[in-house]
Structures are given as structure tokens and as C-alpha cells.
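To keep things clear, I will list the structure first and then write my remarks on it.
The values are calculated or read from the model by the stated rules, or taken from the named source; none is laboratory data. Worth saying up front: this structure is predicted, and the values here are computed from it rather than measured. Here the Cβ positions follow ideal geometry from the backbone for every residue, glycine too, while neighbour counts run over all protein chains shown. When the accessible area is computed, the model is the full protein with side chains, heavy atoms only, and any ligands, DNA or RNA have been set aside. Shrake-Rupley method; radii C 1.70, N 1.55, O 1.52, S 1.80 Å.
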Amino acid sequence: ERAFDGNSPLAAALDCANMTVGGFPLRISLKCTKITINDKHNGITGSTGPFRSAAKIFRPGTVNWQLTGPVMLQTSTGLATSVQWESLDSAMAVGLSGLERQTTVIKALRTNISQVSSGATRSFGASESNLQIERSEADVNATASMTDVNFVQNDGTSKLPPMLANVDLTLLGQADALNIDNPKPIDLRGLETEVRNVSINIGEGRTIIASGPLTIDQDGYISGALKLQITKVEGWRDVITAAYPETREIAKIAAKGLKMAFLGQNQGQVTLQITHGTVVLGFIPLGNIPPI
């Protein structure tokens, strides 16, 4: 309730419409007919569907909650996002200082992202997503696993095969974001992370596994060095060139360069170096990442 009662920094961003508290004597429940979002700090506005939560009296510190879609978000940069799902269920463990752990399961996720100025739309979804956030002393550990991840075009077709994706990373020094009293919002600029494992599998033995440090400076530029383990280099080349013909030449050059680095093998390890937004794979320049 403190997220909405005016005594938390989050109260400026979240509003619980028609909030009701009940469930006594065996539990405490909190419900909203919808949640509206007005985050002036990050330039985000939007709304969600109904929110329901319950904490059982005989299991102190354990809260289960569900959120109904869709979630609609608009950013000050002109990006509009809509998110829908079949079900979203979450369970969290709360200690004396704040959130200790939260696990969320989302089924049949579908996300649409549009650039208002150009009208360009990108969509992606997953049949099931499992997300977990956990406090680890001064840091926050975050993991996610998604099955049947797909990227859909405006005509409803997908250029890439369904993926299995896993993410395991640590947000260094960000545990205060999980506090009950005076939570400190995460600022992307200045963020330091340790990527323990990010893996993508598109089937037929085609996988990429990444690990290493990443930072975002005060200007929003990403820097870091990720070790990539790549299998079926030529398979990735064929998938990318079939999906995006305009990348054919750079994909061919990258595949040849990787096989040279792998001593003629179709798999191996290489470093993805990112310096102030400039991306180099081994010795192959790939382009630039704009500031966050």
C-alpha cells in the first residue's frame, strides 16, 4: 500500500484506482480496478488492467499477486508500447527492509512497440516467460527464461525461427531499489552490470552464449566486453541473411572473419567489445549503439 499512499517516491508514478483492502481475518488483500502510471522522472505514462494481491496471515512476508492486461505505455521519446498476456502470476517474499525475492510467470506474452513519428511497429512474444528478481547484499540478481520467443512483422509473419532465451545478470549496487521505505529508483545512466549468462538458441544447434561486464555512462553510452561462444556460425549467417537480405554482405564478412578466428571451425569463442557505443566483434566492426 505504501507504493500508492504518498509517502513513497513511487507514489508520484503509480495510482491505484478504487483501491480496496480486505480479506480479514485469514489474509490481507489489496485490489485496484486499474493502475495508472505517470513517471515524470523517466518520461513514461500509461495504464494497466485490474490488479489483485493477497498476503496470508499465517505466512508473513509472502505476497501473491496477479495483473490483468493490457499494459499501455507512452514515452517522451515517442515510443508507444502495448503488452498483453493470457495470465501473469507473481509471488514475492518481503523482509524487514523490503523485497527479498520475486518470481513471476507470464503465459502467452505479446508485446507491440511503435514509433509514433514514423509509424514503424515491432512485435515480439513468448509462449511462457519466467522472471526472478532477488536481493543479494548491495546488488540485485535478475534472471529470465523465455520459450518460443518470436519476432512478428506487421503482416503477422516472423522472419526468424522461434527462440529459447535465457538471461542471468547482476545489477551492481542497486539493492536500494527494493526497499519498502525510500526506495531508490534505478537510473540507467551510471548503471554497472555483470552479465553472468545470456543465451539464445534458435534450434538445429545454433546457439550464442554471452558473459561479461557492461556499463552505461552518464551520457547513456554502453561499454563492456562480452565473451561470446557461438556454434553453427554458417547457420546463423544463413538465418540472418534470409530474414534481412540487406545485411547479406556484412553477415558474410562476419561469418568468414569468425571462422578465421576459430581456425576454420564452425564454432568457437570471440570477444564482443563495446566502447562508448561502438561495437566490434573480434576484429569486425558491426556499428554503433545510440545512447540510452
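Numbers for the structure displayed
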item: Residue check for Met163: of a type in the set (A, V, I, L, M), under 24 Å from Ala242 (Cα atoms) and at pLDDT below 95; result: yes
item: Residue that is most open to solvent (accessible area, probe 1.4 Å), among those in segment 206-222 that are over 21 Å from Asn166 (Cα atoms) and without any contact (Cβ under 8 Å) to a residue 60 or more places away in the chain; result: Gln218
item: Only listed residue being in a strand (DSSP E or B), without any contact (Cβ under 8 Å) to a residue 24 or more places away in the chain and farther than 26 Å from Met163 by Cβ, chosen from Arg59, Arg52; result: Arg52
item: Given (1) of a type outside the set (D, E, K, R); (2) part of a loop (DSSP other than H, G, I, E, B); (3) surrounded by 17 or more Cβ atoms within 10 Å (Cβ to Cβ), index of the condition Ser118 fails; result: (3)
item: Of all residues in segment 80-115 being free of Cβ contacts under 8 Å to residues at least 40 places away in the same chain, open to solvent by 50 Å² or more (accessible area, probe 1.4 Å) and outside any strand (DSSP E or B), the one that is farthest from Glu137 (Cα to Cα); result: Glu86
item: Matching option when the condition is modelled with pLDDT under 95, among the aliphatic types (A, V, I, L, M) and over 25 Å from Val140 (Cα atoms), among Leu26, Leu10; result: Leu26
item: Selection count where residues are part of a loop (DSSP other than H, G, I, E, B) and open to solvent by 30 Å² or more (accessible area, probe 1.4 Å), scope segment 236-277; result: 7
item: Glu137 vs. criteria more than 20 Å from the chain's Cα centre (by Cα), of a type outside the set (Gly, Ala, Ser) and within 22 Å of Asn197 (Cα to Cα); result: yes
item: Selection count where residues are open to solvent by less than 60 Å² (accessible area, probe 1.4 Å), over 21 Å from Leu99 (Cα atoms) and in a loop (DSSP other than H, G, I, E, B), scope segment 151-205; result: 7
item: Only one of Asn201, Asn179 that is free of Cβ contacts under 8 Å to residues at least 40 places away in the same chain and polar (S, T, N, Q); result: Asn201
item: Output for segment 62-79, where each listed residue is open to solvent by 30 Å² or more (accessible area, probe 1.4 Å), among the β-branched types (Val, Ile, Thr) and part of a strand (DSSP E or B); result: Thr62, Thr75
